[in-house]
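Accompanying notes for the structure given below.
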Amino acid sequence: MTPKAALKQYFGYEEFRDGQAEIISAVLDGRDVLAVRPTGSGKTLCFQLPAMLMKGVTFVVSPLISLMQDQVDEVAGTEVLATLLNSQISTHEYAQRIREIEQGKYKIVYLAPERLTQDKFLFWLRKIPLSMVVVDEAHCVSQWGSDFRFSYAQIGHALDRLASIRKQKIQRMALSASVTGEVQTDIRNKLNLFHPQVYLGGFNRPNLRYRTVFCASNEGRRHHLDRFLKRLSSGSAIVYCISIKEVERIRGILLQLGHPVTIYHGRLSAKEREAYQQQWMSGEVKIIVATNAFGMGINKPDVRMVVHVGYPSSPEDYVQEAGRAGRDGLNADCIVLWAKQDTLIQNMLLDNRFPSQELMAWAFARLHNRPEEKRSMPVSLMDWAKHSPYEATPSLIEQSLRFLEQQNVLSLKRGPRPGLMGIASYNPEAQFDYGVVQTRYAKADKRLRQIKQYIEAVECRAVKLVKHFDSETKMGICGVCDNCIDSQGTVDGLSSLEMSALHLVHSTKQRFGRAKIRMALDGELDPKVLASKLHLYTGFGACENAATKASSLIQQMLGKKLLRLTVEPKYQALALTDLGYRLLRENYAAVHASKGGNGGDATAKLEARTNKSFQALLNLRAELAEGYGVSVDQIWSRKEAEIIADGYDTEDPDEIIGKVLGADRAVQFGFRIVVSLQAVG
Ligand SMILES: [Zn+2]
């Protein structure tokens, strides 16, 4: 049977999806394969279909029981014969399945990595006809991956042993949804893949619209969260938070705002988790607020929005988490609501995951100095944290033990109750090398910096994410992310918001700092803004109804080198860079030309006009003052004349006069001003 015929017969599809056919053909050629494809891109078919066509049984290593169950359920009732072996089935059932596998009843068997590394199981496996071994979520083998699992790291070794018992090569396939270069290398080495064919692809998800929104305060975050969730007309949303505490807090806020929500995090009981997840899966509750523990193996097609409140932990995690949106191929939004303090919080979380050298040395010595008969006594994390001379939390003690386990100092098992870590064995000969912890810390820190770059990026976000995995990508800009949209309808890449900001900074003579310019762009009528008369300038309130808030606009413009901060001794003012100034002038020229000017030296002409208008206003002022018998400043100040002249050509005349002079004086003098400025050539 050809793969195409098998596709129709077993799975009911007429056509392969992008890239599936190549992967399947490499597997059928007997090659080892490493395939990196996002979840929801038809990954499982890449091994299920060849499994049906190959002789023998395909074993699939999978990290989660629920994931295995889903994949088995998915093909139940079809001709694809799959089952699973895990710790949740009864001994009787287990024995039965083993017998059925021996009798050749199944083509695909799912199992947990722990089982594959057991001697007894390997011994049994030696006589089972084997087509290949698939390692799903293969990034778990890599200590550079975000979901490192120790038992995963041992799979390669177990397969090598099995190959040597069977005296034949075992074909291997590694699958993952998001893997960077260094993790790919690690997977190839750890699983001992033999000249593997590597497939990268499917990262470009054209139906996802990426956006990041800077929030100056918690109040701002609440506002944006509310605003976005209100747009959710059909389908569901996931709101990811960085901690369990934050999940609870955001739930409270959303309930208060009238959004029905359910939650998911690691401290709920299994029963609660299942019930809440079900509420969301069934569509009974549209919004789920969760930590990143939520989502693996979740395949809900109509997720329309994935919002991150705070930083995702890495581009890899982000692609996975955001990638849960729009599985049905319809448009969906992936939004990060971020704030300045997020980096701080993430750094704190990092510090809580990586014990110091002193703490690890102390934990190592404390274990080592236990009398031999007490070496396998469980460790109370709280008790050790209290007795440590270094600043330690129970979680840091736990991490220390895990690092020691990774270096074969000991092996851990589940403790008799939470907070107690069981010790299965202790190796008194083993040493530990703190360098390993340092390297991992450096990697985690790097991932954090990478996600920061994504969040503050000024270029197309979709391209930025795909490039992270596939630096050679030739994909064009997505046209729908915030950065792509903001740069549309512009002259030479300057958006209208950027233009307003440049205009504001320029016309206020670059005298104001970031805070005041931000308030002015956001249209805040703060006393400081009013005192500086910033509300009278073009550009005031430009960001008021825009998707981009002024703080992120300014941040982006500093990044793009359109604006800079001056190094005054007293305070830093926002100023135009040479590039910003040049673009502003070019835009003036273009705007003026499109209003019927004849291009060329339009900028110079505009400036000349502004000067003439200013002069005309001073002349008119003198005339009026004489007529009314008052001082010139009682008519209008030089400053006010300057602002009117400056904005007259780009704004509605009545509006600018009204704003600068106020209602009374505008009624009194407005007509005269319009007449005299129209006369300016
Ligand atoms: Zn884009």
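The values are calculated or read from the model by the stated rules, or taken from the named source; none is laboratory data. Bear in mind that the values here come from a model prediction, so they are computed numbers and not experimental data. When we count neighbours, we look across all protein chains shown, and the Cβ atoms used for this are built from the backbone with ideal geometry, even at glycine.
Key figures for this structure:
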| read-out | value |
| --- | --- |
| Residue within segment 525-533 that is within 30 Å of the chain's Cα centre (by Cα) and either crowded, with 23+ Cβ neighbours inside 10 Å or not hydrophobic (A, V, I, L, M, F, W, C) (or both) present | no |
| Candidates Ala365, Ala339 - the one that is crowded, with 19+ Cβ neighbours inside 10 Å and more than 30 Å from Ser176 (Cβ to Cβ) | Ala339 |
| Qualifying residue in segment 379-386 (condition: among the hydrophobic types (A, V, I, L, M, F, W, C) and within 16 Å of the chain's Cα centre (by Cα)) | no |
| Wholly within segment 387-482, helices (runs of 4 or more DSSP H) carrying at least 3 residues that are over 20 Å from Glu358 (Cα atoms), within 16 Å of the ligand (Cβ to nearest atom) and in contact (Cβ under 8 Å) with a residue 24 or more places away in the chain | 461-469 |
| Condition met for Gly539 (part of a loop (DSSP other than H, G, I, E, B), buried (at least 22 other Cβ atoms within 10 Å of the Cβ) and either at positive phi or touching a Phe, Trp or Tyr at 6+ places or on another chain (Cβ under 8 Å) (or both)) | yes |
| Looking only at segment 211-255, and only at residues there that are modelled with pLDDT of 95 or more and more than 27 Å from Glu456 (Cβ to Cβ), the one that is surrounded by the most Cβ atoms within 10 Å (Cβ to Cβ) | Ser236 |
| Failed item in (1) under 30 Å from the mean Cα position of the chain (by Cα); (2) surrounded by fewer than 22 Cβ atoms within 10 Å (Cβ to Cβ); (3) at negative phi, with His506 passing the rest | (1) |
| Criterion: surrounded by fewer than 18 Cβ atoms within 10 Å (Cβ to Cβ) and either on the phi > 0 side of the Ramachandran plot or of a type in the set (Phe, Trp, Tyr) (or both) - qualifying residue of Tyr318, Tyr390 | Tyr390 |
| Index of the failed condition, Ala645 passing every other in (1) within 23 Å of Ser500 (Cα to Cα); (2) at pLDDT below 80 | (2) |
| Unique match (being crowded, with 22+ Cβ neighbours inside 10 Å, of a type outside the set (Ser, Thr, Tyr) and either modelled with pLDDT under 90 or within 25 Å of Glu456 (Cβ to Cβ) (or both)) among Met348, Met305, Met377 | Met305 |
| Which numbered condition Pro206 fails, given (1) more than 16 Å from the ligand (Cβ to nearest atom); (2) exposed (fewer than 15 other Cβ atoms within 10 Å of the Cβ); (3) at pLDDT below 85 | (1) |
| Every residue from segment 542-551 that is outside any loop (DSSP other than H, G, I, E, B) and more than 11 Å from Glu498 (Cα to Cα) | Ser551 |
| Residue within segment 161-169 that is within 24 Å of the chain's Cα centre (by Cα) and either touching a residue at least 60 places away in the same chain (Cβ under 8 Å) or more than 16 Å from the ligand (Cβ to nearest atom) (or both) present | no |
| Residues being out of contact with any Ser or Thr (no Cβ under 9 Å at 6 or more places or on another chain) and either charged (D, E, K, R) or under 16 Å from Trp124 (Cα atoms) (or both) - total across segment 69-85 | 4 |
| Sole exception among (1) in contact with a helix residue (DSSP H, G or I) (Cβ under 7 Å, 6 or more places away or on another chain); (2) under 30 Å from Asp342 (Cβ atoms) for Ala442, by number | (1) |
| Tally of residues being hydrophobic (A, V, I, L, M, F, W, C) and surrounded by fewer than 17 Cβ atoms within 10 Å (Cβ to Cβ) across segment 647-673 | 3 |
| Matching helices (runs of 4 or more DSSP H) fully within segment 8-112 where at least 3 residues are surrounded by 23 or more Cβ atoms within 10 Å (Cβ to Cβ) | 20-28, 45-53 |
| Leu122 vs. criteria assigned by TED's automatic domain parsing to the domain that holds Leu193 and either surrounded by 18 or more Cβ atoms within 10 Å (Cβ to Cβ) or of a type in the set (Lys, Arg) (or both) | no |
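Quick grid of which residues meet (1) within 17 Å of Leu396 (Cβ to Cβ); (2) part of a loop (DSSP other than H, G, I, E, B):
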position	(1), (2)
Arg304	no, no
Pro312	no, yes
Leu337	no, no
Pro355	yes, yes
